[in-house]
Amino acid sequence: MKTAVEWLEEMFNNSEISNGSMLFKQAKEMEKNDTDNKVIHFAEWLTKKHTSTLITLYEHFEEEYYNQTFKSE
């Protein structure tokens, strides 16, 4: 599945517009940054909304994995 930027790039490549490749590089970088920012904002939202759950999961991790793996030595 193509992103909107990839589709537009294909349309430009099939036409006679010149110097489009630099614009597409910029657009793809902007698209990547948007995706990265969405992930960061989601993590921030999740952390604020579910702090007690994250603490419980960390405690479970510490007991189940960390202590069994590293404290038994």
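The values are calculated or read from the model by the stated rules, or taken from the named source; none is laboratory data. Because the structure is a prediction, the values reported are computed rather than measured. So basically every Cβ, Gly included, is an ideal-geometry build from the backbone, and we count neighbours across all protein chains shown.
Among the residues of the stretch 27-73, how many are under 30 Å from V5 (Cα atoms) and in contact with a Ser or Thr (Cβ under 7 Å, 6 or more places away or on another chain)? Break it down stepwise before answering.
Let us first name the residues in the stretch 27-73 that are under 30 Å from V5 (Cα atoms), namely 27-46.
Those still in the list that are in contact with a Ser or Thr (Cβ under 7 Å, 6 or more places away or on another chain) too: 31.
Total satisfying the criteria: 1.
Here's the yes/no breakdown for (1) among the β-branched types (V, I, T); (2) assigned to a helix (DSSP H, G or I); (3) at pLDDT below 80; (4) loosely packed, with under 11 Cβ neighbours inside 10 Å:
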residue: M1; (1), (2), (3), (4): no, no, yes, yes
residue: F24; (1), (2), (3), (4): no, yes, yes, no
residue: E31; (1), (2), (3), (4): no, yes, no, no
residue: W45; (1), (2), (3), (4): no, yes, no, yes
Just the residues that are free of Cβ contacts under 8 Å to residues at least 24 places away in the same chain and in contact with an Asp or Glu (Cβ under 7 Å, 6 or more places away or on another chain), please, taken from the stretch 1-53. F24
